Amino acid sequence: MADLEGLKSRYASLSRDVLKLAQGGRRVLVVTHIDADGLCSGSTVFESLKRKGANVALRTLPDLDPKAILALEAQKYDFHIFTDLGSTLLDALEAALDGRFVVIDHHQLAPQDLDRRSVVNAWTFGYDGGREACSSSMAYFFATATDPSNQDLAPLAVVGALADRQDSGQGRSLTGLNRAALEEAQSLGLVSASKDLMFTGRQTRPIHEAVALTSTPFLRGLTGNKDAVLAALHHSGLVLKDGGIWRTISSLAPDEKMKLTEVVASMAGQAEGATDAIASLVGEVYNLELEDPFTPLRDAREFGTLLNSCGRMGAAGTGVSICLGDRNEALKSAMKVLSEYRTGINRALESLASDAARTETRGSLVLVKGEGVVDERLLGPVISILSSTQAYRNKVIVGFATSRESDLKVSSRVGDAYSGDVDLGLLMRESAESVSGVGGGHAMAAGAKIPSSMAEAFSKAVLERVPA
Ligand code: C5P
């Protein structure tokens, strides 16, 4: 049972303690993950303390591991708030920072850790941290506990939830704690929700570009192929320009949207699953009402993609600046990063598609060997996109990329048409630990880091645990 009141009461005492420390001149460090949910949650906690005059700094990390914890300890901050990371490392954190930290998170927690004082985790309060609560919505309720006026930060909770693909309610809607934050944002007129076609760039791009930019679901023959889309749309008779200016998908009338869907469906082919993939393009869309309508920040999903690209491409600081309100230099530079990110992902997908030996299907498991062709920073999004393709929507997909320090990075996803029962967070943790690696995450999306010599043993461990 979800317990929002319990969470609020926990935050009331936590925020009192943190503010007492911070306003007394003690140095507080917020440490957060580099993905969009990490950037939104870290920025939310940071901003809420900053507004109270706290002596607070913010740091982003790609991963938290025992080495990173020791490096943090050496900096002698008086208190640390970890967002979107730390739930699986409570023992190491306690050993290094005993009494000087708290973790605000939504990743799976070992059952014996649910009630530890050093962690405020979605699962403890009855929320499914994979679907109903992200770190950003967890951070949002911390922020409003420090001061109710922090409600203006609610759009970041919506962005973080969508970027973590938690739109798993009916019609791709947000539920649970994410919905509670969304409703606060709606009541202030900051975010509006409606039903629409969810093509990327639906409000900002010419129609053919928006279709070609959409990669989740992956539309075979359309994704990344704007010339082919343009030719098909011309042929369909859909009016693409208005007074010489390209129209956008959101400006189309309902019957025109229907026509567009038909064209896309016929282009995507009759292959099994194509109809489902097209159907999954209709859903709840979230507009950030105070953002410029001609930027990707207006659509909460695109905002999330922009932040994810910053985090993955080594520009986490730029992402934080955007979360904190910079709409000038940071936005310009993030747009460039986003374009490089998309190019990198397309290149990786092409390399994988052109070499059949890189993909191996074993029953309901697909292994993708991206070593040497997929940048480890792009492995997660590449595997996510593959899991939305018609070929793999009913599979569990596990991908590998070379990581620095002679390791392999592993990313895993469950396709939305998979009918088996698997918990990837557990699967990655157990399989990685069996080969001296580390792993974890959520039921539908998880990852690991293993020694590169252990790839075969790791794959075997995964196979043993995935029902055929
Ligand atoms: O890197 P990737 O996008 O594949 O990660 C998927 C999810 O698994 C993320 O939420 C990430 O935080 C989590 N993860 C984890 N522990 C790891 C690797 C990934 O919790 N060692």
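The values are calculated or read from the model by the stated rules, or taken from the named source; none is laboratory data. Everything numeric here is computed off the predicted structure, so don't read it as measured data. Please note: Cβ atoms are built from the backbone with ideal geometry, for glycine as well, and neighbour counts cover all protein chains shown. These accessible areas exclude ligands, DNA and RNA; they are computed on the full protein's heavy atoms, side chains included. Shrake-Rupley method; radii C 1.70, N 1.55, O 1.52, S 1.80 Å.
If I model a spin label at Leu290 and Ser419 as a point 7 Å from the Cα along the Cα→Cβ vector, what separation in nanometres do I get?
A separation of 4.8 nm, rounded to one decimal place.
With a point put 7 Å past each Cα toward its Cβ, work out how far Ser9 is from Glu350 in nm, to one decimal.
Result for the modelled spin labels: 5.9 nm.
Rounded to whole Hz and in sequence order, give me ³J(HN,Hα) for the range 241-250 from the Karplus expression 6.51 cos²θ - 1.76 cosθ + 1.60, θ = phi - 60°, writing x for Gly and Pro.
Calculated HN-Hα couplings, in order: 10, 10, x, x, 10, 4, 7, 10, 5, 5 Hz.
If Lys and Arg each add +1 and Asp and Glu each add -1, what is the summed charge of the other residues whose beta carbon sits under 15 Å from the beta carbon of Thr124?
Net charge around Thr124: -3.
Where does the chain land at 222 nm, in deg cm²/dmol rounded to the nearest 500, when only DSSP H runs of n ≥ 4 count, each adding -39500 (n - 2.57), divided by all residues?
For the chain, the value works out to -13000 deg cm²/dmol.
If one takes the longest principal axis of the Cα atoms in the chain, at what angle in degrees, from 0 to 90 and to the nearest 10, does the Cα axis of helix 254-268 lie?
80 degrees
Which of the three applies to the chain, rounded, prolate or oblate, going by the alpha-carbon gyration tensor with a ≥ b ≥ c and a/c under 1.5 meaning rounded?
Oblate is the answer for the chain, as a/c is 1.5 or above yet b/c matches or exceeds a/b.
What ³J(HN,Hα) values, in whole Hz, does the Karplus curve 6.51 cos²θ - 1.76 cosθ + 1.60 give for the range 365-382 when θ = phi - 60°, with x put for Gly and Pro?
Using θ = phi - 60°, the values come out as 10, 10, 9, 10, 9, x, 4, x, 10, 10, 4, 4, 5, 9, 4, x, x, 5 Hz.
Carbon-plus-sulfur fraction of the accessible area of the chain, 1.4 Å probe, in percent?
51 percent
Ser403's amide H: which non-local residues (gap 5+, or another chain) put their own amide H closer than 5 Å, with H modeled 1.01 Å from N in plane and none for Pro or chain starts?
Leu408, Lys409
Identify the trypsin sites (Lys or Arg not before Pro) of the range 371-456 meeting these criteria: DSSP loop state and at most 15 other C-beta atoms within 10 Å of the C-beta.
Arg404
Just order 52-63, 148-159 by mean Cβ neighbour count inside 10 Å, highest at the front, would you?
In decreasing order of mean packing, 52-63, 148-159 become 148-159, 52-63.
For the range 286-369, run through the trypsin sites (Lys or Arg not before Pro) and keep only the ones in DSSP coil with at most 14 other Cβ atoms within 10 Å of their Cβ.
Arg327
Placing +1 at every Lys and Arg Cβ and -1 at every Asp and Glu Cβ, with all other atoms neutral, what dipole size does the range 344-452 have around its Cα centre, in debye to the nearest 20?
160 debye
At most 12 other Cβ atoms within 10 Å and a DSSP loop assignment: could you name the GluC sites (Glu not before Pro) in the range 333-410 that fit?
Sparse-neighbourhood loop GluC sites (Glu not before Pro): Glu405.
Expressed in nm to one decimal, what extension gain is obtained for the pair Ser436 and Asp91 from 0.36 nm per residue of sequence separation less their Cα-Cα distance?
122.4 nm
Any idea how far the Cα center of the range 18-79 sits from the one of the range 269-339, in Å?
25 Å
Can you work out the PRE-style zone for Arg362? Point 7 Å along Cα to Cβ, and I want the residues of the range 403-444 with backbone N under 11 Å.
Zone members listed by number: none at all.
Quick check on my link table: of Lys76/Lys369; Lys20/Lys336; Lys226/Lys369; Lys67/Lys395; Lys257/Lys336, which ones sit more than 32 Å apart, alpha carbon to alpha carbon?
With Cα atoms farther than 32 Å apart: Lys76/Lys369; Lys20/Lys336; Lys67/Lys395.
Quick one: angle between helix 176-187 and the longest Cα principal axis of the chain, in degrees between 0 and 90, rounded to 10, please.
Tilt relative to the chain: about 80 degrees.
Check which residues have an amide H placed less than 5 Å from Leu58's amide H, if you skip close sequence neighbours.
Long-range HN contacts for Leu58: Val30.
Mind checking the per residue accessible area of the chain for me, 1.4 Å probe, whole number of Å²?
41 Å²
Among Gly437, Ala401, Ala334, which residue has its Cα positioned farthest towards the positive end of the charge dipole of the chain, with +1 placed on the Cβ of Lys and Arg, -1 on the Cβ of Asp and Glu, and the dipole taken about the Cα centre?
Toward the positive end, the furthest listed residue is Ala334.
Under a plain spin-label model, where a point goes 7 Å from the Cα along Cα-to-Cβ, how far apart in nm are Gln23 and Met258?
Here the answer is 5.9 nm between the modelled labels.
Give me the extension gain from Lys241 to Lys76: residue separation times 0.36 nm, minus the current Cα-Cα distance, reported in nm with one decimal.
Taking 0.36 nm per residue and subtracting the Cα distance, the gain is 53.5 nm.
When the solvent-accessible surface of protein heavy atoms is calculated with a 1.4 angstrom probe, in what order do His80, His107, His234 fall, highest first?
If we order His80, His107, His234 from most to least accessible, we get His234, His107, His80.
Name the residues whose placed amide hydrogens come within less than 5 Å of the amide hydrogen of Gly224, ignoring near sequence neighbours (fewer than 5 apart) on the same chain.
For Gly224, whose amide H was placed from the backbone, the distant partners under 5 Å are Leu213, Thr214.
Can you tell me the dipole magnitude for the chain around its Cα centre, using point charges on the Cβ only (Lys, Arg +1; Asp, Glu -1), in Debye to the nearest 20?
Computed about the Cα centre, the dipole is about 660 debye.
For an R0 of 35 angstrom, estimate the FRET efficiency from the Cβ-Cβ distance between Arg220 and Glu405 and round to the nearest 0.05.
In this case the efficiency is close to 0.45.
Could you run the Karplus curve 6.51 cos²θ - 1.76 cosθ + 1.60 with θ = phi - 60° over the range 459-464 and give me ³J(HN,Hα) per residue in whole Hz, x for Gly and Pro?
4, 5, 4, 5, 4, 4
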